[in-house]
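J.: Got a structure for you, questions after.
The values are calculated or read from the model by the stated rules, or taken from the named source; none is laboratory data. Here the structure is a predicted model, which means the values were calculated and not measured. Methodologically, a virtual Cβ is constructed for each residue, glycine included, from the backbone with ideal geometry; neighbour enumeration extends over all protein chains shown. Note: accessible area is taken over every heavy atom of the protein model, side chains too, but ligands, DNA and RNA are not part of it. Shrake-Rupley method; radii C 1.70, N 1.55, O 1.52, S 1.80 Å.
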Amino acid sequence: MKKAVIFDFDGTIIDTETTWFDVYRDLLKEKFNIELPLKEFAKSIGTTDEAFYQYIELTIGMKIEPQNINKLANELFLEKRSTLSIRPGVKEKLAEAKELGYLIGLASSSSRVWVEGFLRQFELWEHFSVIKTSEDVEKVKPDPALYIKALEELKVEPQQAYAVEDSVNGAIAAINAGMKCIVVPNQITSFLRFPEKTFRFESFDEFNFGQILSYKKFV
């Protein structure tokens, strides 16, 4: 029976989320003189930015143009992009999954051009048999559609697949798709409380796919 591992992208493979938090924290301080609490930023991790912009508008007491904020944020992010790297242990986990004969997919709430750009930059593109992004679904995570689409294309049953995530929204999506969910938080998501059905590790070195089915939460 075929098995699969489907990775999230932002924050899981490359920790773009810590950089985005730094960018938006500095930008909001400079432009509106407001603080950006991590707990507010975290609400939008793994999903859309709707809650994030609602927070800004409620805090400053006026409507804003998200596209203007995005433009400034993207410029600042580009200045920091060269500092990004693959999270420790990710390459080893990709190699491990391949050696075990697992199909490997990716499901991201980000755009295809965003995901593909990084995967090609870091020479990871060839690892993935299926890549699903925001353009492939009507609703992104926490809706399970991205994972369901990836599973359908891989032709793997949900109970035979692992999701690898870093966010609560992503974990909810994976669980609601019927998958087993492994969570490896990053610097920004480490404080979050994840659903009970997930199995949390603090690094990719703490588990291996060959033994994980024997872990208590997956039995």
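J.: Can you list the lysines whose alpha carbon is less than 20 Å from that of Lys80, not counting same-chain residues fewer than 8 positions off?
T.: Lys29, Lys31, Lys71
J.: Moving on to the next point. Karplus couplings for the stretch 155-169 from phi (6.51 cos²θ - 1.76 cosθ + 1.60, θ = phi - 60°), rounded to Hz, Gly and Pro as x?
T.: 6, 10, 5, x, 5, 9, 10, 9, 9, 10, 10, 10, 10, 5, 4
J.: Glu50 to Ser82: extension gain in nm, 0.36 nm per residue of separation minus the Cα-Cα distance?
T.: Working: separation 32, 0.36 × 32 = 11.52 nm, distance 2.75 nm.
Stretched out fully, the Glu50 to Ser82 stretch lengthens by 8.8 nm.
J.: Moving on to the next point. Given a 1.4 angstrom probe, what's the average accessible area per residue across the stretch 113-161, in square angstrom? All intermediate terms of the calculation are to be shown ahead of the outcome.
T.: Working: 2670 Å² over 49 residues.
For the stretch 113-161, the per-residue accessible area is 54 Å².
J.: Scan the chain and report its longest stretch carrying no GluC sites (Glu not before Pro) that are both in a DSSP loop and have at most 13 other Cβ atoms within 10 Å.
T.: Working: sites that count: Glu35, Glu123, Glu138, Glu196, Glu202.
Counting only loop sites that pass the neighbour cut-off, the longest clear stretch is 36-122.
J.: Now, a different point. Please tell me the relative contact order of the stretch 1-140 in percent, rounded to the nearest whole number, where contacts are Cα pairs under 8 Å and at least six residues apart. Numbers along the way, then the final one.
T.: Working: 134 pairs, mean separation 46.6, N = 140.
It rounds to 33 percent for the stretch 1-140.
J.: Just subtract the alpha-carbon distance of Glu35 and Val113 from 0.36 nm times their residue separation and send over the number in nm, one decimal.
T.: Numbers: separation 78, 0.36 × 78 = 28.08 nm, distance 3.07 nm.
Net length gain for the segment: 25.0 nm.
J.: While we're looking at this one, here's another question. Multiply the residue separation of Lys63 and Thr18 by 0.36 nm, subtract the distance between their alpha-carbon atoms, and state the gained length in nm to one decimal. Write down the numbers at each step before the final one.
T.: Details: separation 45, 0.36 × 45 = 16.20 nm, distance 2.61 nm.
My answer for the length gained is 13.6 nm.
J.: When only Cα pairs under 8 Å and 6 or more residues apart are kept, what is the percent relative contact order across the stretch 1-58? Before the final figure, lay out the partial values.
T.: Working: 25 pairs, mean separation 11.0, N = 58.
Here the relative contact order equals 19 percent.
J.: Which whole-number value in Å³ per residue fits the convex hull of the alpha carbons of the stretch 1-100?
T.: Details: hull volume 12.1 nm³, N = 100.
Cα-based convex hull of the stretch 1-100, divided per residue, equals 121 Å³.
J.: Then there is this: Hey, what's the per residue convex hull volume over the C-alpha atoms of the chain, in cubic angstrom?
T.: 116
J.: Taking Cα pairs under 8 Å and at least six residues apart, what relative contact order does the stretch 132-188 come out at, in percent? Working shown, then result.
T.: Numbers: 79 pairs, mean separation 19.5, N = 57.
Across the stretch 132-188, relative contact order equals 34 percent.
J.: Estimate the FRET efficiency between Glu75 and Ser129 by the formula 1/(1 + (r/R0)^6), using the beta-carbon distance for r and 30 Å for R0, to the nearest 0.05. Spell out each step's value before the answer.
T.: Values: r = 35 Å, r/R0 = 1.16.
With R0 = 30 Å, the Cβ-Cβ based efficiency is 0.30.
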